[in-house]
Amino acid sequence: MERTESQRAIEAILFAAGERVEVSRLSMALELDEVEIIAAADALADDYAFERRGVRILRLDKGYQMVSSGEMADFVTKALETRKPPKLSASQLEALTIIAYYQPATKAMVEQIRGVDSSYSVSALMNKKLIEEAGRLNVPGRPIQYRTTPDFLRTFGLGSLEELPPIEKISFGEPIVEEPVAAQEPASAQEEG
């Protein structure tokens, strides 16, 4: 398959899918290795961006998705009469940030960092499909662990979690070691000098 034919095939598959398609699935369908798929899809995405088309091809984690251009959002919204998704409250944004950086994270971890009950925030993020269950922690009570979804990446314009800005993380379950305070000389010794 020549490169332009593979690009046309990728374009057709992504358009028809309407959601993210894994590179491995594209590779299987086109009978090309994943390196060739990535090269063809990236070149196609670059062409779309360079020509400032109304659609774009985004690389999301280990797959690709065709989406409308952010520049055309107002027109798409007006034409389809869709409402903007509800904004995230400060508490929801805090909970989402904690889950994104510490995933898989439990509600208890979110609450420990935030210092307040986070049940509503976690539930709202699940309803908005920004987080999902990622199994259960193997401790008493078996709390649910959460992770971000591909919708999270798409909403925040990220290709993968590695694109999140770096932060200083809090360590859990490790003792805090304080620096010893230098011994001060007795007051009488200081007065004599």
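The values are calculated or read from the model by the stated rules, or taken from the named source; none is laboratory data. All of these numbers come straight from a predicted model, not from anything done at the bench. When we count neighbours, we look across all protein chains shown, and the Cβ atoms used for this are built from the backbone with ideal geometry, even at glycine.
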Quiz item: Any idea which residue in region 17-72 is surrounded by the most Cβ atoms within 10 Å (Cβ to Cβ), counting only those that are part of a helix (DSSP H, G or I) and either under 19 Å from the mean Cα position of the chain (by Cα) or assigned by TED's automatic domain parsing to the domain that holds PHE156 (or both)?
Solution: VAL23
Quiz item: Of all residues in region 88-125 being exposed (fewer than 15 other Cβ atoms within 10 Å of the Cβ) and under 18 Å from THR149 (Cβ atoms), which is nearest to the chain's Cα centre (by Cα)?
Solution: LEU93
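Listed here are the residues, each with its yes/no results for (1) more than 22 Å from GLY63 (Cβ to Cβ); (2) at pLDDT below 90.
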{"position": "LYS87", "(1), (2)": "yes, yes"}
{"position": "LEU96", "(1), (2)": "no, no"}
{"position": "LEU130", "(1), (2)": "no, no"}
{"position": "THR155", "(1), (2)": "no, yes"}
{"position": "GLU191", "(1), (2)": "yes, yes"}
Quiz item: Residues of region 138-161 being surrounded by fewer than 13 Cβ atoms within 10 Å (Cβ to Cβ) and under 21 Å from MET109 (Cβ atoms), which ones?
Solution: ASN138, VAL139, PRO140, GLY141, ARG142
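Listed here are the residues, each with its yes/no results for (1) under 17 Å from VAL23 (Cα atoms); (2) modelled with pLDDT of 85 or more.
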| site | (1), (2) |
| --- | --- |
| GLU36 | yes, yes |
| ASP42 | yes, yes |
| ASP61 | yes, no |
| SER69 | no, yes |
| VAL76 | no, no |
